[in-house]
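Have a look at the structure below before the remarks.
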Amino acid sequence: NSCLGVFRVGVLVYTEDPAFDFTEAINRAGQHFDLANRAIFSLEEVYQLFAQATDDGGLTSVDFYIGEDFLNTNETGEDSPLEFLAQAEWATNDLQPQVYELTARAYDAAGHESALGRASVVIRPAHCFNNALDENLQETGVDCGGECGACEGDPCGEVIENSCTDPDNQICASNVCD
């Protein structure tokens, strides 16, 4: 019996796995959100997620996930470009206010896959974005306090001896604690 093998030949040699990074998100109003830093999104909104993929031989597709749940696949087409701006639409209507992990993976023509690209997003109730003081919803300032995250100057953790200890970045309206 003979030994049989199958392989591809061509002008390119694939040496690297694809690279992948989330870049930004844009909502229906055209607001841009940097996905490199934990972005804060509203419930009851639709976002376009963007990610840049590159490869040394040619990309074929990018898969997007919210946590473990599949969201979308972007096919690059037959030309297998070396760079590809992938996008996926994400509606936040049926979600709970919390932190969500966006993940995605790029694939190339040689069957390699990128490391998992990640971005964290905080989802907050829609009233946290209406530019109004909603005291009936426990806001203590315009779009802050209560479920909206701490207002500017408020501690984002337990205060002991005038110092914030054990800061929780998820409760800060700015999403960053000092």
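The values are calculated or read from the model by the stated rules, or taken from the named source; none is laboratory data. These numbers were taken from a predicted model, which means no experiment stands behind them. Please note that ligands, DNA and RNA were not included when accessible areas were found on the heavy atoms of the full protein model with its side chains. Shrake-Rupley method; radii C 1.70, N 1.55, O 1.52, S 1.80 Å.
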Legend entry - Residue-by-residue Karplus 3J(HN,Hα) for the stretch 74-81, coefficients 6.51, -1.76, 1.60, Hz, glycine and proline x: 10, 8, 8, x, 6, 6, 6, x
Inset, instruction - Could you pull out every residue, at least 5 positions away or on a different chain, whose amide H is within less than 5 Å of the one on residue 60? Hs are placed 1.01 Å off N in the peptide plane, and Pro or chain starts have none. - result: 107, 108, 109
Inset, instruction - Rank these residues by their accessible area, most exposed first, probe 1.4 Å: 116, 49, 95, 82. - result: 82, 116, 95, 49
Legend entry - Accessible area (Å², 1.4 Å probe, nearest 10) - residue 32: 120 Å²
Legend entry - Largest to smallest accessible area among 38, 28 [probe 1.4 Å]: 28, 38
